[in-house]
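Remarks on the structure that follows.
The values are calculated or read from the model by the stated rules, or taken from the named source; none is laboratory data. Predicted, not measured: the structure shown is a model, and the values here were computed from it. Cβ coordinates were reconstructed from backbone atoms using ideal geometry, including for glycine residues, and neighbour counts include every protein chain displayed. Areas reflect the complete protein model, heavy atoms only, side chains present, ligands, DNA and RNA absent. Shrake-Rupley method; radii C 1.70, N 1.55, O 1.52, S 1.80 Å.
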Amino acid sequence: QVQLVESGGGLVQPGGSLRLSCVASGRMLSIYNMGWYRQAPGKQRELVARIMGGGTTDYADFVKGRFTISRDKAKNTVYLQMNSLKPEDTATYYCNTNPSTWTWGQGTQVTVSS
């Protein structure tokens, strides 16, 4: 069974930056379409960004120009660079395939607050 582990979250002030990381045991992430998702309290989980096997990226409108998804094949890691963070970005962030097919990990909490 694939185990997803997300990290890099934290408390940051509005306008700040964070970089999230995602690793998966037993899988080469580079061959999958991978996505970053988020879920805020009381809301449904939503797709934030995705990166296709060939490297093409796609973003939700609410993060375009602020977030960047990337991956490092050598480290088997998918990243989400988040800049110009807003309070409404506060959520637990998860990675998974896109569409999601693996068991969800614990996620990493991102809190944007002054």
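Some notes on this structure:
- Looking only at the range 1-16, and only at residues there that are in a strand (DSSP E or B) and touching a Gly at 6+ places or on another chain (Cβ under 8 Å), the one that is most open to solvent (accessible area, probe 1.4 Å): GLN3
- Residues of the range 31-49 that are open to solvent by 60 Å² or more (accessible area, probe 1.4 Å), over 17 Å from THR103 (Cα atoms) and not in a loop (DSSP other than H, G, I, E, B): ILE31 alone.
- Residue in the range 68-85 that is surrounded by the fewest Cβ atoms within 10 Å (Cβ to Cβ), counting only those that are part of a loop (DSSP other than H, G, I, E, B) and of a type in the set (Gly, Ala, Ser): ALA74
- All of GLY65, GLY55 fail the test of being open to solvent by less than 60 Å² (accessible area, probe 1.4 Å), over 19 Å from GLN3 (Cβ atoms), assigned to a loop (DSSP other than H, G, I, E, B) and without any contact (Cβ under 8 Å) to a residue 40 or more places away in the chain, apart from GLY55.
- Residue under evaluation ARG19, criteria (1) part of a strand (DSSP E or B); (2) touching a helix residue (DSSP H, G or I) at 6+ places or on another chain (Cβ under 8 Å), criterion not met: (2)
- Scanning the range 93-112 for residues that are open to solvent by less than 60 Å² (accessible area, probe 1.4 Å) and either without any contact (Cβ under 8 Å) to a residue 60 or more places away in the chain or not β-branched (Val, Ile, Thr) (or both) turns up TYR93, TYR94, CYS95, ASN96, ASN98, SER100, TRP102, GLY105, GLY107.
- Residue in the range 19-28 that is surrounded by fewer than 21 Cβ atoms within 10 Å (Cβ to Cβ), out of contact with any strand residue (DSSP E or B) (no Cβ under 8 Å at 6 or more places or on another chain) and modelled with pLDDT of 95 or more present: no
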